[in-house]
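Quick notes on the structure that follows.
The values are calculated or read from the model by the stated rules, or taken from the named source; none is laboratory data. Predicted model only: the values in this text are computed from it and were never measured. Cβ atoms come from the backbone with ideal geometry, glycine included; neighbour counts cover every protein chain shown. For accessibility, only protein heavy atoms count, side chains too; no ligands or nucleic acids. Shrake-Rupley method; radii C 1.70, N 1.55, O 1.52, S 1.80 Å.
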There are 2 protein chains.
Amino acid sequence: MVSATRDRIIETADLLFYQRGFEATSFADIAADVGISRGNFYHHFKTKDDILDGVINRRLANTEQMLDRWEVSGSDPAERIRSFIHILIVNGEKIRKFGCPVGTLSSELAKLNHAAQSDAAGLFTLFRSWLKRQFERLGFADQSDEMAMHILGRSQGVATLANAFNDDGFLHREVDLMCAWLDDQISKIAAKNI
Amino acid sequence: MVSATRDRIIETADLLFYQRGFEATSFADIAADVGISRGNFYHHFKTKDDILDGVINRRLANTEQMLDRWEVSGSDPAERIRSFIHILIVNGEKIRKFGCPVGTLSSELAKLNHAAQSDAAGLFTLFRSWLKRQFERLGFADQSDEMAMHILGRSQGVATLANAFNDDGFLHREVDLMCAWLDDQISKIAAKNI
């Protein structure tokens, strides 16, 4: 039971940190949403930083699971990269409201000069390494990491502006452009290898 | 004298909101950095939202001045768009530390569901309208707004990842890619108009 309450606290904090921001979310906010007393709450977590650690670890685990699913469901590396690009549409409503959970947490922690900023950037690293592997399989060799960072950067920019302007049309247009960019890169490398 | 103190408060708050975030900056932080008593401070501003208004107006005015300078110093629209792309390098050190001031403020206010979010997005609109005008002059007609949003989005993504990974090499590579993209678009439209 203890660990079930702990999980509920982390799950609730994860949502509140995403929707309101880390700094703007208080212990009291989380306790109220979980529906437990502050005494019970403090039994599980002494500081907000402890909760943040739990939230980041939860996100890392969930991201790894998602990447594993894409690895299995995508019939080839290009299809898998398209799965990544399309989360912008799958999560479009949330992104327009609250931005990207990874980018906004990393940005906030960088400003707070928070020790956990590098852990939050670890979420980006998961996507980066996974994308890099897909580009390697497509034959991009030592360019693969740069390609991964390029597509990761573009998806971040789309999330920020779709959020700022609450613009769904922009989001869809940019997803199409990212997929066209991918096709174009693949054609180029195919032409080179003929 | 009254207005000089007011200006100093806004200037200081602008810097702190950028470096630490809006939510993480208190009245006391700003008063301490300006070096005035809380009584004097409250004489000028009653709420942090009033200060935020002042900060956004200051940023709008500064951005308009910068765009006017680029308008004059750039010999043609492509050169002016390159001035925009190159702020990523000019402000590279700050961006790697604190992200983009426009994007991070807009994202934070969206999460806070803050009434001033649309004012903060107005900073993006200044860049967007100015970029759109340059693309129109280059002959992109009704595609100009989409081109403006595309380049604005890419610069946002570069800022977010350069900040997350504190990566100067990535920042420079992506600036080169954005300039190459611009040249490519201009060549395409020139070919179409022959």
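Okay, residues lined up against (1) at pLDDT 95 or above; (2) farther than 27 Å from A:Leu177 by Cβ; (3) not β-branched (Val, Ile, Thr):
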{"site": "A:Phe41", "(1), (2), (3)": "no, yes, yes"}
{"site": "A:Thr47", "(1), (2), (3)": "no, yes, no"}
{"site": "A:Glu64", "(1), (2), (3)": "yes, yes, yes"}
{"site": "A:Arg96", "(1), (2), (3)": "yes, no, yes"}
{"site": "A:Thr104", "(1), (2), (3)": "yes, no, no"}
{"site": "A:Ser129", "(1), (2), (3)": "yes, no, yes"}
Single unsatisfied condition, B:Ala180 versus (1) free of Cβ contacts under 8 Å to residues at least 12 places away in the same chain; (2) touching a Pro at 6+ places or on another chain (Cβ under 7 Å): (2)
Selected residue (criterion: farthest from A:Ser26 (Cα to Cα)) from residues of region B:27-41 that are in contact (Cβ under 8 Å) with a residue 12 or more places away in the chain and open to solvent by 40 Å² or more (accessible area, probe 1.4 Å): B:Asn40
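Does A:Leu182 satisfy being more than 8 Å from chain B (Cβ to nearest Cβ) and part of a helix (DSSP H, G or I)? Working first, answer last.
Details: more than 8 Å from chain B (Cβ to nearest Cβ): yes; part of a helix (DSSP H, G or I): yes.
Answer is yes for this residue.
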Matching residues, region A:85-110, being without any contact (Cβ under 8 Å) to a residue 12 or more places away in the chain and under 16 Å from B:Gln156 (Cβ atoms): A:Ser107, A:Ala110
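How many residues does region A:42-72 hold that are among the β-branched types (Val, Ile, Thr), in a helix (DSSP H, G or I) and open to solvent by 40 Å² or more (accessible area, probe 1.4 Å)? Show your work before the answer.
First, pick out the residues of region A:42-72 that are among the β-branched types (Val, Ile, Thr): A:47, A:51, A:55-56, A:63, A:72.
Those left that are additionally in a helix (DSSP H, G or I): A:51, A:55-56, A:63, A:72.
Filter once more, so that each one left must be open to solvent by 40 Å² or more (accessible area, probe 1.4 Å): A:72.
Result for region A:42-72: 1.
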Failed item, numbered, when B:Gln19 is tested on (1) closer than 15 Å to B:Arg58 by Cβ; (2) under 22 Å from the mean Cα position of the chain (by Cα): (1)
Residue match in region A:98-120 (condition: part of a helix (DSSP H, G or I), at the interface with another protein chain (Cβ under 7 Å from one of its Cβ atoms) and more than 18 Å from B:Lys111 (Cβ to Cβ)): no
Of all residues in region B:1-26 being in a helix (DSSP H, G or I) and open to solvent by 70 Å² or more (accessible area, probe 1.4 Å), the one that is nearest to A:Phe22 (Cα to Cα): B:Arg20
Members of region B:156-175 that are facing chain A (nearest Cβ under 7 Å) and either touching a residue at least 24 places away in the same chain (Cβ under 8 Å) or crowded, with 23+ Cβ neighbours inside 10 Å (or both): B:Gln156, B:Gly157, B:Val158, B:Thr160, B:Leu161, B:Asn163, B:Ala164, B:Glu174
Every residue from region A:185-194 that is open to solvent by less than 40 Å² (accessible area, probe 1.4 Å) and either at the interface with chain B (Cβ under 7 Å from one of its Cβ atoms) or modelled with pLDDT of 95 or more (or both): A:Gln185
Single match in A:Glu93, A:Glu136, A:Glu174 (criterion: more than 20 Å from A:Thr63 (Cβ to Cβ) and part of a helix (DSSP H, G or I)): A:Glu174
Output for region A:121-155, where each listed residue is among the charged types (D, E, K, R), surrounded by fewer than 23 Cβ atoms within 10 Å (Cβ to Cβ) and facing another protein chain (nearest Cβ under 9 Å): A:Arg128, A:Glu146
Region A:52-75 residues that are closer than 17 Å to A:Phe17 by Cα, paired with ones that are of a type in the set (Phe, Trp, Tyr) (beta carbon under 6 Å, 6 or more apart): A:Val55/A:Phe17
Test: residue in region B:142-151 that is assigned to a helix (DSSP H, G or I) and under 30 Å from B:Asp49 (Cα atoms): yes
Boolean, B:Gly99 is outside the structural domain of B:Thr125 (by TED's automatic domain parsing), small (Gly, Ala, Ser) and either on the phi > 0 side of the Ramachandran plot or open to solvent by 20 Å² or more (accessible area, probe 1.4 Å) (or both): no
Members of region B:1-58 found to be among the small types (Gly, Ala, Ser), within 14 Å of chain A (Cβ to nearest Cβ) and under 15 Å from B:Gln117 (Cα atoms), listed by number: B:Gly21
